[in-house]
Amino acid sequence: MASLHVYSVLVVLFLTCGAVMATKENDQIIKENNCETKIGLPCVLEAFTSIFEKGSISNKCCCEHVVLGKVCHSALINRTLENPLFKDLRPATIIAKSIQTWNNCLALIDSPSPSA
C-alpha cells in the first residue's frame, strides 16, 4: 500500500514538473488551437469551479469540455496556474483535480446512455 502512495506522489510530481516546463508554450497552444472559443462561458465557469474550488460539472458541460480537447484543457489549466492571482494554490492538487475532472467527463461521454 505504501508503494501505491509513493507511486501516486511521483506521478503528481512528474505532472507538476511538466506543467512548469510548459509555461512558455501555453499561450501559443491556446492560440493555435483556438481553445478559448471552443467552450461557452457557463461551462468554463463550471469546469473552473470543479477544478479550482469545490463543485461539480454538469453532463452538458462535460460534453463541451471533452470537445475542447485534452491539449486545450491542459494548456488552460497550466496558464491559470501561472497567473499571480493563483500563486497560493498547490499545483499538484490542482493538476490532480484537473485530471480527475477530465477523466470523469471522458467516462461520462464514453458510457452508453440509458435506453428510453
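Some values worked out for this structure:
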{"quantity": "Sequence ranges 27-38, 51-62, 90-101, 72-83, ranked by mean other-Cβ count within 10 angstrom, highest first", "calculated": "72-83, 90-101, 51-62, 27-38"}
{"quantity": "Computed label-point distance, nm, for sites LEU41 and ASN103 using a 7 Å Cα→Cβ extension", "calculated": "3.3"}
{"quantity": "In Hz, Karplus ³J(HN,Hα) per residue of the range 81-94 (6.51, -1.76, 1.60; θ = phi - 60°; x = Gly, Pro)", "calculated": "5, 6, 5, x, 4, 10, 5, 7, 7, 8, x, 4, 5, 5"}
{"quantity": "Calculated FRET efficiency for the pair PHE86/GLU25, C-beta based, R₀ 22 Å, to 0.05", "calculated": "0.75"}
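Since every read-out is calculated from the coordinates, none of them should be taken as a lab result. Keep in mind that this is a model prediction, so the values were computed, not measured. In this analysis, Cβ positions are derived from the backbone assuming ideal geometry, glycine residues included, and neighbour counts consider all displayed protein chains.
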